[in-house]
Amino acid sequence: MQLTFDERYAETLLASGERIIRNQRQHWLGLVARWGLGVVLILVGLAVMTASGWVGGDGFFGTVHTILLIGGIVVLIAGIGHLTLGYFRWENDRDVVTTRRIIQTQGFVNRHAGDTSLEKINDAVLDQGFLARMFGYGTLDVMTASASGIQKMRFLTTPVEFKKDIMDAKHELEMGVASGRFADAPLRSEPVVTQSTFGSKAPTAEAGVAYGTPAAGPAVASAPAPMAPAAGPTEDVTETLAKLADLRDKGVITAEDYEAKKTELLGRI
């Protein structure tokens, strides 16, 4: 099937591997809304031209007749021009859903294309009043984390199906990235503990434990454990006293010598 000019323009906006799921123009009531000012201008122009016919004659009234007639014609032409321009704009404006984003193209001579990535869409709120349900159109509010991108899509044709296509494409994109079928970067990266997490200082051991991983850092030599105190000379003193007592009993040393040596040895303990 041969593509129209506006459909071909949407095709030129696609990235590598991206394809169009839905490409549609606004509901015909969107054209009626654009024509509001043009219709008013045409009616005013016709009324002024009709009033100019009531004023006739020469002199002042002839001048008034000419001014009203010319003014009515100018207003009438402006109204017709507004209707024509509004039609071509409506014909070329498109609401597009692709496998990666939603796109709005606007304008006839000067083209404008706005888009919002599917991964950035938090929700899409559909608004349909009584007349909107009766005539089959609606307004879709696209909610993202930022104020940029497409915010409101008015006079959507088949709005329920349009929203379903957005949600299905978003789910398909997320599942494709999660399963590795797409080469795109993950939609939401996992938090990584870096030096900036702890400020300008290196992570401490406590911080590493808090994040589930020991903090890396230069190895610090542990202080040598204090040596156990040497065993006291209790056993040597007891043995020496036993030998001295034996010498005392044999009369080699006196009792005073024994007591003096005993006091000296016990004082060392």
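Would you confirm whether or not the stretch 83-97 contains a residue that is on the phi < 0 side of the Ramachandran plot, touching a residue at least 60 places away in the same chain (Cβ under 8 Å), hydroxyl-bearing (Ser, Thr, Tyr) and surrounded by 15 or more Cβ atoms within 10 Å (Cβ to Cβ)? Within the stretch 83-97 (the criterion being on the phi < 0 side of the Ramachandran plot, touching a residue at least 60 places away in the same chain (Cβ under 8 Å), hydroxyl-bearing (Ser, Thr, Tyr) and surrounded by 15 or more Cβ atoms within 10 Å (Cβ to Cβ)), the answer is no, since none of the residues qualifies. If you take the residues of the stretch 9-35 that are aliphatic (A, V, I, L, M) and in a helix (DSSP H, G or I), which of them is surrounded by the fewest Cβ atoms within 10 Å (Cβ to Cβ)? My answer is 32. Listed by position, the strands (runs of 3 or more DSSP E) contained in the stretch 52-129 that have at least 2 residues being at pLDDT below 95 and of a type in the set (S, T, N, Q) are 101-106, 112-117. Restricting attention to the stretch 140-158, the residues that are at pLDDT below 90 and hydroxyl-bearing (Ser, Thr, Tyr) add up to 3. Taken over the stretch 146-173, the criterion of being part of a helix (DSSP H, G or I) and either in contact with a Leu (Cβ under 6 Å, 6 or more places away or on another chain) or small (Gly, Ala, Ser) (or both) is satisfied by 159, 162, 163, 169, 170, 173. Of the residues making up the stretch 118-136, those that are in contact (Cβ under 8 Å) with a residue 24 or more places away in the chain and under 26 Å from residue 173 (Cβ atoms) are 118, 119, 120, 121, 124, 126. Within the stretch 130-145, the residues that satisfy the criterion of being more than 15 Å from the chain's Cα centre (by Cα) and outside any helix (DSSP H, G or I) are 136, 137, 138, 139, 140, 141.
Residue-by-condition table, conditions (1) of a type outside the set (Phe, Trp, Tyr); (2) in contact with an Asp or Glu (Cβ under 9 Å, 6 or more places away or on another chain):
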| site | (1), (2) |
| --- | --- |
| 46 | yes, no |
| 50 | yes, no |
| 54 | no, no |
| 94 | yes, yes |
| 108 | no, yes |
| 139 | yes, yes |
| 146 | yes, no |
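The values are calculated or read from the model by the stated rules, or taken from the named source; none is laboratory data. Quantities reported herein were computed from a predicted structural model and do not represent experimental measurements. Cβ coordinates were reconstructed from backbone atoms using ideal geometry, including for glycine residues, and neighbour counts include every protein chain displayed.
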